[in-house]
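The values are calculated or read from the model by the stated rules, or taken from the named source; none is laboratory data. Treat the numbers as computed from the prediction; the structure is a model and nothing was measured. Here the Cβ is made from the backbone with ideal geometry for all residues, glycine too, and neighbour counts use every protein chain on show. Side chains included, ligands, DNA and RNA excluded: accessible areas come from the protein's heavy atoms. Shrake-Rupley method; radii C 1.70, N 1.55, O 1.52, S 1.80 Å.
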Amino acid sequence: MNTNRAEAERLLAIGEKLLESRDLNGSRDFAILAQEAEPLLEGSDQILAIVDVLVAAEKPIHNSQLDWYAILQVDRTCQNLDLIRKQYRRLGLLLHPDKNPFSLADHAFKLVTDAWAVLSDPVQKALYDGEVAGLVETASFWTACPYCYFLFEYPADCEGCCLRCQNCERSFHGLSIPSLPPLVPGQEAYYCNWGCLPMGFVFGTLGSNGPGSVPENDPNAVSNGAASELGSLSARKQGRPQKGV
Ligand SMILES: [Zn+2]
């Protein structure tokens, strides 16, 4: 046995152990290393197929709908049934529990089969595409102005765009913040925002290091009337983006 093959088998065994403990990214890394050490080694592509399907299933569309396209590794706009079928067959062969001895193969195989059941049926596919389009349309994200620390909610398609802060009027890059700071009961307030339809405007306090904490010596931080009344409280505000500022 040559040394490359021995090394590849060692790496693959680590990848297999990591898969058993559901460390998907770790498992993928070692499967790729094994494949690089010995491209003809059996098993690395089977582990990679499992990991890719499970990772796709862990990222549902706006946390509510499994992304069948991602599970079959095709683009969400894919209308090419032949391509979808090809991906289904390729993954089905790699994942079939009779052929794939690795942990979680049966789970990944079922996901691929379910994805195919939806996307191969024109009626189900149309229903699913409609649901996903609705989710994407109503989805939003929260972002924080890096200058005055006001928080804003924008439609999801503005993520990554250049936005203008409706408080300090400086432009900033609309990066999504993963979770909102906790609300403090009794400190919510509603406010009509000039930028859009009257919508909720909620005040909440933050920890001293939170993204919404307002530095006292920043003149922009308290330029909004409502905000200055509340001193160093941060604000949450729904806004409308102004692109291309
Ligand atoms: Zn600002």
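Can you give the local net charge around Gly15? Use residues other than it whose beta-carbon is closer than 11 angstrom to its beta-carbon, Lys and Arg +1, Asp and Glu -1.
Details: positive: Arg10, Lys17, Arg28; negative: Glu9, Glu16, Glu20, Asp23, Asp29.
Net charge around Gly15: -2.
How much length is gained on full extension from Glu169 to Thr77, taking 0.36 nm per residue of separation minus their Cα-Cα distance?
Details: separation 92, 0.36 × 92 = 33.12 nm, distance 3.62 nm.
Going from the current span to full extension adds 29.5 nm.
What does the C-alpha gyration tensor say about the overall shape of segment 1-150? Classify as rounded when a/c is under 1.5, otherwise prolate if a/b is larger than b/c, or oblate.
Values: a/c = 2.74, a/b = 1.44, b/c = 1.90.
Because a/c hits 1.5 or more and a/b fails to exceed b/c, segment 1-150 counts as oblate.
Whole-Hz Karplus ³J(HN,Hα) for segment 153-166, in order, using 6.51 cos²θ - 1.76 cosθ + 1.60 and θ = phi - 60°, x for Gly and Pro?
Couplings: 10, 10, x, 4, 6, 8, 4, x, 7, 7, 10, 10, 5, 7 Hz.
What number comes out for accessible area per residue over segment 40-124 if the probe is 1.4 Å? Units Å², please. Provide the component values of the computation, followed by the final result.
On the way: 4480 Å² over 85 residues.
On a per-residue basis, segment 40-124 sits at 53 Å².
Would you check the accessible area of Val74, probe 1.4 Å, heavy atoms only, in square angstrom rounded to 10?
20
Enumerate the amide H contacts of Phe141 below 5 Å, restricted to partners 5 or more residues apart or on another chain; note that Pro and chain-start residues carry no placed amide H.
Close amide H contacts, sequence-distant or interchain: Tyr154, Ala156.
Say each of Asn25 and Leu127 gets a label point 7 Å from the Cα, pointing the same way as Cα to Cβ; how far apart are those two points in nm?
Here the modelled spin labels are 3.6 nm apart.
Got a number for carbon plus sulfur as a percent of segment 3-137's accessible area, 1.4 Å probe? Intermediate values should be presented prior to the final figure.
Details: 4000 of 7370 Å².
So the carbon and sulfur contribution to the accessible surface is 54 percent.
For a 22 Å ceiling on Cα separation, which of these pairs sit above it: Lys17/Lys86; Lys86/Lys110; Lys59/Lys99? Before the final figure, lay out each step's value.
Details: Lys17/Lys86 30 Å; Lys86/Lys110 17 Å; Lys59/Lys99 27 Å.
Violating the 22 Å limit, Cα to Cα: Lys17/Lys86; Lys59/Lys99.
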